[in-house]
Amino acid sequence: MTPAQVGSDRFTWRRVTSSRSSEVASAVGATRRRLSYVSAAMSVSAVFVLDLKGKVLICRNYKGDVDMSEIDHFFPILMQQEEEGLLNPVLSHGSVYFMWIKHSNLYLVSTTNKNSSASLVYSFLYKLVEVFTEYFKELEEESIQDNFVVVYELLDELMDFGFPQTTDSKILQEYITQEGNKLEVAKTKVPTTVTNAVSWRSEGIKYKKNEVFIDVIESINVLVNANGSVMSSDIVGSIKLKTMLSGMPELRLGLNDRVLFALTGRDKGKTVAMEDVKFHQCVRLSRFESDRTISFIPPDGESELMSYRINTHVKPLIWIESVIEKFSHSRVEIMVKAKGQFKKQSVANNVEVRVPVPSDADSPKFKTSTGHAKYVPEKNLVVWTIKSFPGGKEFLMRAHFGLPSVENDELEGKPPITVKFEIPYFTVSGIQVRYMKIIEKSGYQALPWVRYITQSGDYQLRTNT
């Protein structure tokens, strides 16, 4: 089976260096420091799920230090602030604070009377949404009402006495299921992952073929003004894993990290300076802080190992030039030229150039040198789609729209042109996976594969008209 056939539906992975070692026994048993938002600064008294009218659908009292009837004050305060246009993420009534988020047709609210860290509380609320969505596919009022028993079970396991506990949905699904009879059987034996130091990975995992797939995905954020100058740009990246490894392996990932190269006296070759680095809880932070080694025991299956940001000047990979001429009471003529400003051997896939048009335009006509264009009237856009866009190439699109004879009195803004694309086998920052060491006590051989993807993030080009 080829790498493209295992866990990939888009691009193939490329193999990277692998090694094994006899040190695994001590490495696996070593003390681990994990990234976690369990902190003394976080203390939640109760969690409530409300409908759009402020009615409590379900709640869990964790500490008993805040009267549960305090939630009756939340919705009136929220409505009052909405009317005044002064809506805040943290509301208060007396000495009680409400921290809340809205998801679909639900409000998720936590209460506390302590000086809790709001960012940690919000991290937990969004994790709550993530876990519920994993269980019920869609989180809405109906799914809560249809699964009261499971929701209560999850609320009991996710938090204890106001502090987060097991928040990994894969681990929770080992002993909290949506079938009542399985629920009873599963609870006779607590999974080792709940009490194990490695709570994100089960013991006894076995695969016939041991492999790990590494995706390095970078999103480019660019804002270009009407004069063609880049006003702001940065790169937001993430490294995602699909792990199919037996046992309890120790992994070490090597990147061309500028700080690491400076520490070891190796300044040769291209390096990257990563900022705002965030890790999965499996990464040993103390090891990374001391010598920049990314060492971890991975979760089974898919996970995001880390994310980062690179604050640098980025040349727009797809450059757009546009001429939009509006003739009053008559027509609008649009000319858009797109140029690939990346390596000729690379190809951008599924490119979409979205050009704004007046809301009262009609009778569209298009002419393109490649791809196809269509009018999306509900969004006042022309969407020009190019399936394959080689680097260094230029393409042209012309559009003609009619305008009504009666002038539209409403003043319209000047929304920017936006671009979507994806370029495989390419990273604009130059980040590289130098090696992936896989160490397991049984000594099996494992195959690591890596692929690089660059895609558009918030990619906007302003126009004069």
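Candidates in the range 117-134 are the residues that are under 26 Å from Val96 (Cβ atoms) and open to solvent by 20 Å² or more (accessible area, probe 1.4 Å); of these, the one that is farthest from the chain's Cα centre (by Cα) is Ser117.
Considering (1) buried (at least 16 other Cβ atoms within 10 Å of the Cβ); (2) under 28 Å from the mean Cα position of the chain (by Cα), say which one Val336 fails and leave the rest. Exception for Val336: condition (2). When Tyr97 is tested against (1) open to solvent by 80 Å² or more (accessible area, probe 1.4 Å); (2) modelled with pLDDT of 50 or more; (3) more than 23 Å from Tyr122 (Cβ to Cβ); (4) not charged (D, E, K, R), exactly one condition is not met: (3).
Answer with yes or no whether Leu108 is open to solvent by less than 60 Å² (accessible area, probe 1.4 Å), touching an Asp or Glu at 6+ places or on another chain (Cβ under 7 Å) and not in a loop (DSSP other than H, G, I, E, B). So Leu108 fails the test.
Residues in the range 153-177 that are assigned to a helix (DSSP H, G or I) and open to solvent by less than 10 Å² (accessible area, probe 1.4 Å): Leu154, Leu155, Leu158, Ile171, Leu172. Could you tell me whether the range 455-463 includes any residue that is open to solvent by 40 Å² or more (accessible area, probe 1.4 Å), in contact with a helix residue (DSSP H, G or I) (Cβ under 6 Å, 6 or more places away or on another chain) and either modelled with pLDDT of 95 or more or closer than 30 Å to Glu203 by Cβ (or both)? Scanning the range 455-463 turns up no residue that is open to solvent by 40 Å² or more (accessible area, probe 1.4 Å), in contact with a helix residue (DSSP H, G or I) (Cβ under 6 Å, 6 or more places away or on another chain) and either modelled with pLDDT of 95 or more or closer than 30 Å to Glu203 by Cβ (or both). The set of residues in the range 323-344 that are under 23 Å from Lys387 (Cα atoms) and out of contact with any Phe, Trp or Tyr (no Cβ under 9 Å at 6 or more places or on another chain) comprises Met335, Lys344. If we scan the range 39-53, do we find a residue that is over 23 Å from Trp449 (Cα atoms), modelled with pLDDT of 50 or more and among the charged types (D, E, K, R)? Yes, because at least one residue in the range 39-53 is over 23 Å from Trp449 (Cα atoms), modelled with pLDDT of 50 or more and among the charged types (D, E, K, R).
Of Arg252, Arg309, Arg287, which residue is in a helix (DSSP H, G or I), touching a strand residue (DSSP E or B) at 6+ places or on another chain (Cβ under 9 Å) and among the charged types (D, E, K, R)? After ruling out the rest, the residue left standing is Arg287.
Within the range 56-64, can one find any residue that is surrounded by 15 or more Cβ atoms within 10 Å (Cβ to Cβ), at pLDDT below 90 and either hydroxyl-bearing (Ser, Thr, Tyr) or not in a helix (DSSP H, G or I) (or both)? Within the range 56-64 (the criterion being surrounded by 15 or more Cβ atoms within 10 Å (Cβ to Cβ), at pLDDT below 90 and either hydroxyl-bearing (Ser, Thr, Tyr) or not in a helix (DSSP H, G or I) (or both)), the answer is no, since none of the residues qualifies. Among the residues of this structure, Ile239 counts as one that is touching a Leu at 6+ places or on another chain (Cβ under 9 Å) and within 30 Å of Gln460 (Cβ to Cβ). Screening the candidates Ser219, Ser238, Ser295 for the property of being touching a Lys or Arg at 6+ places or on another chain (Cβ under 6 Å) and modelled with pLDDT of 85 or more yields one hit, Ser295.
Go through the range 314-361 and give me each residue that's among the charged types (D, E, K, R), in a strand (DSSP E or B) and over 25 Å from Ile220 (Cα atoms). Give the derivation first.
First, the residues of the range 314-361 that are among the charged types (D, E, K, R): 315, 321, 325-326, 331, 333, 337, 339, 343-344, 352, 354, 360.
Filter once more, so that each one left must be in a strand (DSSP E or B): 321, 325-326, 331, 333, 337, 339, 352, 354.
Correct list: Glu325, Lys326, Arg331, Glu333.
The residues on offer are Lys137, Lys114, Lys102, and the sole one that is open to solvent by 50 Å² or more (accessible area, probe 1.4 Å), on the phi > 0 side of the Ramachandran plot and basic (Lys, Arg) is Lys137. Within the set Phe148, Phe132, the sole residue that is modelled with pLDDT of 90 or more and more than 24 Å from Glu203 (Cα to Cα) turns out to be Phe132. Considering the conditions (1) at pLDDT below 90; (2) over 22 Å from Val150 (Cα atoms), Lys137 is excluded by exactly one of them, (2). Checking the condition without any contact (Cβ under 8 Å) to a residue 60 or more places away in the chain and open to solvent by 40 Å² or more (accessible area, probe 1.4 Å), which residue from Tyr375, Tyr425, Tyr435 passes? Unique residue meeting the criteria: Tyr375. When restricted to residues that are surrounded by fewer than 16 Cβ atoms within 10 Å (Cβ to Cβ) and either at pLDDT below 90 or of a type outside the set (A, V, I, L, M) (or both), the range 320-330 contains 7.
The values are calculated or read from the model by the stated rules, or taken from the named source; none is laboratory data. From a predicted model like this one, the values you see are computed outputs, not experimental measurements. We place every Cβ from the backbone using ideal geometry, glycine too, and count neighbours over all the protein chains shown. The protein model used for the area step is the full one, side chains on, heavy atoms only, and it has no ligands, DNA or RNA in it. Shrake-Rupley method; radii C 1.70, N 1.55, O 1.52, S 1.80 Å.
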